[in-house]
Amino acid sequence: MKEEDEVKTKSSTMKEKKLTRFWEWAISAIIFRLILIFFFPDHLSQLASRPEVSTPVTSLRRLAEGYWLKKQASISPYAGSMYHGSPLLLSVLGPLTVTDVDGQSSHILCSLLFVIADFVAALLLRATGQKLQSAYFQSSNSLGLDKILGASEIYASGDISALFYLWNPLTILTCVGSSTSPIENFLVILSIYGACTRLVPLAAVGWVLATHLSLYPAVLGIPVILLLGYGPDSPPKKLFLQKNSVETADHSSDSRLHHVKQGTDSAISSFSWKPIVLFILWASAWSIYILALCGISVRQNGGLQEMFKRTYGFILTVEDLSPNIGVLWYFFAEVFDFFRNFFLLVIHFNILFMILPLAIRMKHRPCFLAFVYVAICSMLKTYPSVADSALCLGLFGLFINQLLDMHFSFVLFCGYVGVNLLSPVMHNLWIWRGTGNANFYYATAIAYAALQIILVVDSASAMLNHDRWLRKLTTTITKT
Amino acid sequence: MSKMAKSGSPMKKPRPLVRIVLLLMSHRVIVSFLCFIAGVIALLLLPILAKNTYISENALMPGSANPMLSTQDVLDAEKLVDELMSLSLQSDDAGIEISRMLLKSVGDLSAEVSQFQFYPQANKFHPLQFFSSHFNDPDQENRTCISPSVSTVGIVRAPHGDGKEAIILVTPYNPLKLDAGEALSLGVAYSVFSLLTKVTWLAKDIVWLAADSRYGEHESVDAWLSEYYAPTFHRSGKSHINLCSGSNYHQVTENLAVGAEPLESFRRAGTMAAALVIKVVNGSKDSQDSLSIYAEASNGQMPNLDLINVVNYLAVHRHSLHVRVGKFWSLLESECLKMIGGTIEFLGNVVRSLNPQWGFGIPVSEYVEGTATLASSLYAQALGVPTGSHGAFRDYQIDAVTLVISPKASPYNLGKRSEFLLRSGRLVEGVIRSVNNLLEKFHQSFFLYLLTGSSKFVSVGIYMIAFALLIAPLPVVAASLYSDAVTSQPESDMVECSESSSSAALSISCGSWRWLYAAKSVFVIHIWAVVVALLPYLICEIPNITSRTCSISWILLSLFTLHIFYNVFGSPYSSVHSSYPHNEEWAILKSVMIAAAFTGVSLMSVVNFAAAEIGALLLVPFCLMAQPLKLDMGNSNVKSLARIACNMVCVLCLFPPFTFFVMKGLSEGFSCFDIGEFWTWVESLWLWNSATYLYVVLVHLPCWVLCTHLLLHPC
């Protein structure tokens, strides 16, 4: 992975560092997963019951139970508070859970599906990264920074982020650990990819399905709309305006400047409403379609109202207080019943409060905004698992060039490794050995949340610093 | 407004917290030295900081009732002991006869009785089983035709209980070679059991397991427990006989003779509240009967302190037994300890003379004894191997202790024997009565503690201080080295770009990500360590191999894989990046290595504190001192020479097999030196699923390898 060589890209004169063996590494990641799935089924079934990997919403075991209730017992899949996912997932994955392949464990087909989902998600990440990269080149060209930036190395962020997503131990755990999260992550990435490449129907279907499956991706609607409106990440609009004003004051008749000026004009193309309207239309069409499908599916079991109550209601009211890596289960286990509703509101508004300020500050970088939203959701959602971290870290890889100056990268790395190892040990100490108690485990959950906060704060400030640096650069250039 | 202007000034002062951290980091040598010394001193002070034990759970009420064990029970028990002894002297089929006799005598007491038989299992390598719970897959196919061990299980149903809880009595005995002590322990258990069939106050069922320990005490108890809690359904009574039919006729007859019932009749009581393992050994040199308490289970887990307290209280205050816990006898004569103890006593006296209220000193003898006990407690926990068959219970979260009672008189002295039986029987009865009073599980008192005497303990809150001081230098040094290395690179700050737009000044530095190369090398070494940890899988497969060849082939294979890893992934030196000055490269490698060691040691402290404490004592100085020899060679002052010497000693001493031999030599003398012993030791560790094995191979070994690399770094 480290063996990189410098390859001149066609799109610009900048040196781009490319990963030479992308496909080898990607394929070997897939093979690694397959080896795990086929040779260690017993260990994986143990893994599937770990609270870090499967939550009440994403557990495949619960899905199999729901499918059995629906098909064999022909009662509502939501009976008995076992299954809390979408009825569509039940119809797609349900048959796979009962199919036996050569005496192997019955979840093997689902696992294969998750492997495919992971692979496609990684490819989409790669394409998104390439798109972002070319947008970065274009904007720096139009700002006249290409000469200066040319001296520094630019990493192929798409390749890095795709490989990081594929080889991240958290992603691998999610993929082989029999939870439905790989599908959800895939849909989120699909929607971001669709928005980046301006494929409005794709963005809409990804967003609607992701929201349908796990509710929290709903907040990604804002970055998707910004992406469609402004285009992929670029330096702040101010910069282009500033440069323009300087140039018009100069009145120089150099042909090169004319060319640049045109480029600048195209780069600050203002907010376009047409794709937004299209997106809203497509999104509503898709949601109506999916709701109709769901309605047909749960027709005999209480209808859509029951489905909403058992899926979104379950997510929002934190009914299941079994321990997980989030911070809410302990809180709601301790809180008095008559304050419960109040704190539910507070917790959920916590996410909503952060949406608007961030959207205003980072509207010129919608993809990064999506990453920040995903990170915040993975911290504050009611049933988090390592899958959320996997998604968030995968998106993080997309901005590797802009975030080279993060201060706490080493601390974050050590923290992630330490907490992820400590958390199962504490769980073991509490549940199996009985010498620890819930506080031991919860302490690691708090440390984990703190790490995610550091990640968000540090990366956001590094991104803003990068913008400031670009501004300084442009002022220096225009002065000389 | 003026404030605003001030804060906008270029020389902004960092916040106090940040300043403290920066101060610590800038004085890393002195800070780490002080912390380490303080950690060692705190460890030596632990015997002074120990508190007296107290019974925390009120419901236990030990000794509040008069003992009911009568001489009649003792007489019955004595009769049983006599019969057992005579049987054991008789013939070669004593094993069957003894279990048959136990079956009959327990049955006569109007208690439920059954037999449990199990076959020994081949030793298997399960390095990672510590995390998962128990999987005992009995492989039927490989079982050779050997006679099963047949344990007798008697159950008294409590007249007042709901049958949901039980107290377990275990008496291990070897039917092939029954000695007087084992017969006596059976007698003690029998007398108590016969009493308990008659009493009215029982609220919990009593289970007496006379465990046939011909294949090991722990194995038989463990097999019974796993059948009790996790029954295997695919076995049937028939398969036992069919396996050996034809080839071994004796086997079949033995099965029939014992009347071994099929496993469907495995009898259970409720969940277990506590378990007592009773053993009697001969040859006490004390003037009175003495009782030794063994409590360490696997991975340094201890039973609830209340259980030990109850036993200790009853033994000392009701039955005037001399209570002991394990201690290192060799340390009692240590001059060094006596000197430290003397200093502490002197200091205590001085302080007391200043103000009589401030007494903290303890006498020298008490200090030395406390330290010897503490050392033994630390060692037994660190090894992670249970000190008796009570260890099997802790794996099911049941509190259990082994009571080893040694009579002052010979067991053949009949007059003293009945008195001894009465006394120890009453002790066991008292403990059972206390536990019987419990309404909940043991939870009130400590689980994490170290014993410094039978009635003194150090709780987790205190012993953690010593450990925290020991490892505190690690993050400080890692952070300091890292930040030094990152900030000392050529000036290329992103925000403050100079007026002259030279490309060097404006280029994006990937300074904060430079640890990636070092992290890669550290990661590769750790992956190698995982491979080394799994190598015994392969080595075990080789047939007819001695332990000496095993250990040698293990070491050679490890070196070979290390070589392969270097060829495939590159050695830690190959990542030396051309554009950076080399002297920072080793600093970053060291900082990542220290971070990894810190994570590993902290993890281990949660899993098994004592192992982490000992590991930190060994590892931390080396981690802190390691520095490329080339740098020290350059300037030949006293400091660098001393560092070179220390580093060389550490390299030698911390190589795991060598450390093992040094420790063994220090405790037992350097008489015999056999490399095979290391393999035997390691084998014992993984047989008991000890996390210490994982610690040694996954934390200690890679850290040692990386430190050695650092010393040889071509900077």
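The values are calculated or read from the model by the stated rules, or taken from the named source; none is laboratory data. Computed from a prediction, not measured in an experiment: that's the story for all the values here. A quick note on method: Cβ atoms are made from the backbone with ideal geometry, for glycine too, and the neighbour counts reach across all protein chains shown. Remember, those area values only see protein heavy atoms, side chains included, never the ligands or the DNA or RNA. Shrake-Rupley method; radii C 1.70, N 1.55, O 1.52, S 1.80 Å.
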Yes/no for B:V524 being open to solvent by less than 50 Å² (accessible area, probe 1.4 Å), under 25 Å from the mean Cα position of the chain (by Cα) and modelled with pLDDT of 80 or more: no
Kindly indicate whether B:G370 is in the same structural domain as B:S213 (by TED's automatic domain parsing) and under 25 Å from B:Q288 (Cα atoms). no
How many residues does the stretch A:423-435 hold that are within 8 Å of chain B (Cβ to nearest Cβ) and farther than 18 Å from A:S54 by Cα? 5
Considering each residue of the stretch A:461-480, count those that are among the small types (G, A, S) and surrounded by fewer than 20 Cβ atoms within 10 Å (Cβ to Cβ), and give that number. 1
Between residues in the stretch A:346-367 that are among the small types (G, A, S) and residues that are open to solvent by less than 80 Å² (accessible area, probe 1.4 Å), which pairs lie under 8 Å by C-beta distance while being six or more apart or on different chains? A:A359/A:I222; A:A359/A:P223; A:A359/A:L226; A:A359/A:L369
Among (1) in contact (Cβ under 8 Å) with a residue 60 or more places away in the chain; (2) surrounded by fewer than 12 Cβ atoms within 10 Å (Cβ to Cβ), B:V74 falls short only on (2)
Residues located in the stretch A:69-85, provided they are closer than 18 Å to A:H107 by Cβ and either in contact with a Leu (Cβ under 7 Å, 6 or more places away or on another chain) or free of Cβ contacts under 8 Å to residues at least 12 places away in the same chain (or both): A:K70, A:Q72, A:P77, A:Y83, A:G85
Among (1) at pLDDT 90 or above; (2) open to solvent by 50 Å² or more (accessible area, probe 1.4 Å); (3) within 11 Å of another protein chain (Cβ to nearest Cβ), A:T444 falls short only on (2)
Single residue of A:G434, A:G394, A:G418 found to be crowded, with 17+ Cβ neighbours inside 10 Å and on the phi > 0 side of the Ramachandran plot: A:G434
Enumerated helices (runs of 4 or more DSSP H) restricted to the stretch B:608-715, each holding at least 1 residues that are of a type in the set (D, E, K, R), modelled with pLDDT under 90 and in contact with an Asp or Glu (Cβ under 8 Å, 6 or more places away or on another chain): B:638-653, B:656-668
Being more than 12 Å from chain B (Cβ to nearest Cβ), open to solvent by 10 Å² or more (accessible area, probe 1.4 Å) and acidic (D, E) is true for just one of A:D405, A:D388. Which residue is that? A:D388
Failed condition for B:K590, given (1) within 14 Å of chain A (Cβ to nearest Cβ); (2) charged (D, E, K, R); (3) free of Cβ contacts under 8 Å to residues at least 24 places away in the same chain: (3)
Flagged in the stretch A:258-281 as under 30 Å from A:F240 (Cβ atoms) and modelled with pLDDT of 75 or more, in numbering order, are A:F271, A:S272, A:W273, A:K274, A:P275, A:I276, A:V277, A:L278, A:F279, A:I280
Go through the stretch A:164-180 and give me each residue that's surrounded by fewer than 24 Cβ atoms within 10 Å (Cβ to Cβ) and either in a helix (DSSP H, G or I) or small (G, A, S) (or both). A:F164, A:W167, A:P169, A:L170, A:I172, A:L173
Consider B:I168 against the criteria (1) in contact with a strand residue (DSSP E or B) (Cβ under 6 Å, 6 or more places away or on another chain); (2) under 22 Å from B:N282 (Cα atoms): it satisfies all of them except one. Which criterion is unmet? (2)
Among (1) at pLDDT 85 or above; (2) in contact with a His (Cβ under 9 Å, 6 or more places away or on another chain); (3) open to solvent by 10 Å² or more (accessible area, probe 1.4 Å); (4) among the small types (G, A, S), B:A275 falls short only on (3)
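Listed here are the residues, each with its yes/no results for (1) within 14 Å of chain A (Cβ to nearest Cβ); (2) closer than 30 Å to A:V419 by Cβ; (3) open to solvent by less than 10 Å² (accessible area, probe 1.4 Å); (4) more than 18 Å from the chain's Cα centre (by Cα).
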| residue | (1), (2), (3), (4) |
| --- | --- |
| B:S602 | yes, yes, no, no |
| B:A616 | no, yes, yes, no |
| B:M625 | no, yes, no, yes |
| B:S671 | no, no, no, yes |
| B:E677 | no, no, no, yes |
| B:L687 | no, no, no, no |
Need the failing condition index for B:L69 against (1) touching a Lys or Arg at 6+ places or on another chain (Cβ under 6 Å); (2) without any contact (Cβ under 8 Å) to a residue 12 or more places away in the chain, just the number. (2)
For the stretch A:344-364, the count of residues that are open to solvent by 60 Å² or more (accessible area, probe 1.4 Å) and either within 13 Å of A:T317 (Cβ to Cβ) or of a type in the set (S, T, Y) (or both) equals 1
Return the only residue of B:E429, B:E440 being acidic (D, E), modelled with pLDDT of 90 or more and on the phi < 0 side of the Ramachandran plot. B:E429
Show the residue pairs that are 6+ apart or on different chains and have beta-carbon atoms under 6 Å apart, the first residue being within the stretch B:462-476 and open to solvent by less than 10 Å² (accessible area, probe 1.4 Å), the second being β-branched (V, I, T) and in a helix (DSSP H, G or I). B:L470/B:V620; B:L474/B:I594
Scan the stretch A:273-299 for residues that are touching a residue at least 40 places away in the same chain (Cβ under 8 Å) and loosely packed, with under 13 Cβ neighbours inside 10 Å and jot them down. A:W273
Which numbered condition trips up B:G665, out of (1) open to solvent by less than 20 Å² (accessible area, probe 1.4 Å); (2) under 26 Å from B:L43 (Cβ atoms); (3) in contact with a helix residue (DSSP H, G or I) (Cβ under 7 Å, 6 or more places away or on another chain)? (3)
Determine whether the stretch B:381-396 contains at least one residue that is of a type in the set (D, E, K, R), crowded, with 22+ Cβ neighbours inside 10 Å and under 30 Å from B:L666 (Cβ atoms). yes
